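**Student:** Dropping a structure here in structure tokens format, bear with me for questions.
The values are calculated or read from the model by the stated rules, or taken from the named source; none is laboratory data. Given the structure is predicted, the values throughout are model-derived calculations rather than measurements. As a convention, Cβ positions derive from the backbone with ideal geometry for all residues, glycine included, and neighbour counts pool all protein chains shown.
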Amino acid sequence: MLTHITGVLNEPQLGAVRRLLDAGHFADGSESAGMAAQRVKHNQELALDDARHTELNNLVMGCLVRNPLYRSAAMPLKIATPYYARYTQGMSYGDHVDDPVMGDGPLYRSDVSVTIFLNNPAEYDGGELIINTTFGQQSVKLAAGDAVLYPSSSIHRVAEVTRGERLVAVSWIQSMVRNPEQRALLHELNQARETLLREQPDSEDTRRVNQSYINLVRMWSEV
């Protein structure tokens with residue numbers, strides 16, 4: 001399931017992110033790639049020892065983890081420290097699957113990948129995130145401040161940037177619900193549940209839907 005989340009970051013927040021990134025030191029992105037991905041990864045990433053990471057993470061990830069649509073769709077248990085990636089003209093990231101287990105200290109399983117777009121799509125040509133799904137390839141190029149969630153198990157790539165600069169934050173989530181089909185069903189059910197709770201809080205149908213959602217989460221979650 002692909003989930004588009006609008007407005008994770010607002011304009012002032014994006015401005016602050018951009019100022020931090022413009023002042024940051026970027027390194028070869030292949031240094032953070034696994035063995036299979038190194039040969040197809042051609043981008044730059046904010047150096048891990050750059051002092052701006054903490055401020056960026058507080059801003060970018062703080063906004064993401066508070067977003068209700070993110071919490072409903074990802075059902076997060078653990079989330080990785082993000083990479084801040086820059087693609088300039090000629091850079092791309094070929095077909096790859098994200099590593100299943102990540103982390104230098106405590107390990108986590110990658111169930112859901114998230115890309116947060118940090119600059120306006122008019123600032124660059126190309127650079128689409130292309131994800132292989134059961135319904136064919138999906139091309140994603142979102143407004144600044146928007147995010148997309150997608151299964152970490154999917155084959156995906158970043159098309160070559162042919163003009164300008166693409167800036168994104170990328171992270172990975174271990175979900176409480178490992179199975180993507182179950183996670184998608186819970187997300188859809190939760191959207192209906194929240195509508196019923198707002199509009200018909202005292203109805204018997206609302207009570208049954210709410211109880212079913214809660215007990216399915218209890219049945220399927222791993223914590």
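**Student:** For Q138, only one of the following conditions fails: (1) under 24 Å from S221 (Cα atoms); (2) in a strand (DSSP E or B); (3) out of contact with any Asp or Glu (no Cβ under 7 Å at 6 or more places or on another chain). What is its number?
**Tutor:** Among (1) under 24 Å from S221 (Cα atoms); (2) in a strand (DSSP E or B); (3) out of contact with any Asp or Glu (no Cβ under 7 Å at 6 or more places or on another chain), the lone unmet condition for Q138 is (1).
**Student:** Taking segment 196-223, which residues are outside any helix (DSSP H, G or I), farther than 22 Å from I5 by Cβ and out of contact with any Ser or Thr (no Cβ under 7 Å at 6 or more places or on another chain)? Please lay out each step first, then the result.
**Tutor:** The first filter runs over segment 196-223 and keeps only residues outside any helix (DSSP H, G or I), leaving 200-203, 221-223.
This time we only want the ones that are farther than 22 Å from I5 by Cβ, so: 200-203, 222-223.
Of everything in segment 196-223, those that are outside any helix (DSSP H, G or I), farther than 22 Å from I5 by Cβ and out of contact with any Ser or Thr (no Cβ under 7 Å at 6 or more places or on another chain) turn out to be P201, D202, S203, E222, V223.
A quick yes/no check of all residues on (1) outside the structural domain of Y108 (by TED's automatic domain parsing); (2) out of contact with any helix residue (DSSP H, G or I) (no Cβ under 7 Å at 6 or more places or on another chain); (3) within 23 Å of L56 (Cα to Cα); (4) in contact (Cβ under 8 Å) with a residue 12 or more places away in the chain:
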position	(1), (2), (3), (4)
T133	no, yes, no, yes
R163	no, yes, no, yes
L197	yes, no, no, yes
E204	yes, yes, no, no
N210	yes, no, no, yes
L216	yes, no, no, yes
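A quick yes/no check of all residues on (1) among the hydrophobic types (A, V, I, L, M, F, W, C); (2) buried (at least 19 other Cβ atoms within 10 Å of the Cβ); (3) within 19 Å of A85 (Cβ to Cβ):
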{"residue": "G126", "(1), (2), (3)": "no, no, yes"}
{"residue": "V148", "(1), (2), (3)": "yes, yes, yes"}
{"residue": "E160", "(1), (2), (3)": "no, no, yes"}
{"residue": "R166", "(1), (2), (3)": "no, yes, yes"}
{"residue": "A184", "(1), (2), (3)": "yes, no, no"}
{"residue": "D205", "(1), (2), (3)": "no, no, no"}
{"residue": "N210", "(1), (2), (3)": "no, no, no"}
{"residue": "W220", "(1), (2), (3)": "yes, no, no"}
{"residue": "V223", "(1), (2), (3)": "yes, no, no"}
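Per-residue answers, yes or no, for (1) over 17 Å from G29 (Cα atoms); (2) modelled with pLDDT under 95; (3) among the polar types (S, T, N, Q):
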{"position": "S92", "(1), (2), (3)": "no, no, yes"}
{"position": "R109", "(1), (2), (3)": "yes, no, no"}
{"position": "A122", "(1), (2), (3)": "yes, no, no"}
{"position": "F135", "(1), (2), (3)": "yes, yes, no"}
{"position": "D146", "(1), (2), (3)": "yes, no, no"}
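**Student:** Out of curiosity, is R193 touching a helix residue (DSSP H, G or I) at 6+ places or on another chain (Cβ under 7 Å), under 27 Å from M61 (Cβ atoms), among the basic types (K, R) and in a helix (DSSP H, G or I)?
**Tutor:** Working: touching a helix residue (DSSP H, G or I) at 6+ places or on another chain (Cβ under 7 Å): yes; under 27 Å from M61 (Cβ atoms): yes; among the basic types (K, R): yes; in a helix (DSSP H, G or I): yes.
It is true that R193 is touching a helix residue (DSSP H, G or I) at 6+ places or on another chain (Cβ under 7 Å), under 27 Å from M61 (Cβ atoms), among the basic types (K, R) and in a helix (DSSP H, G or I).
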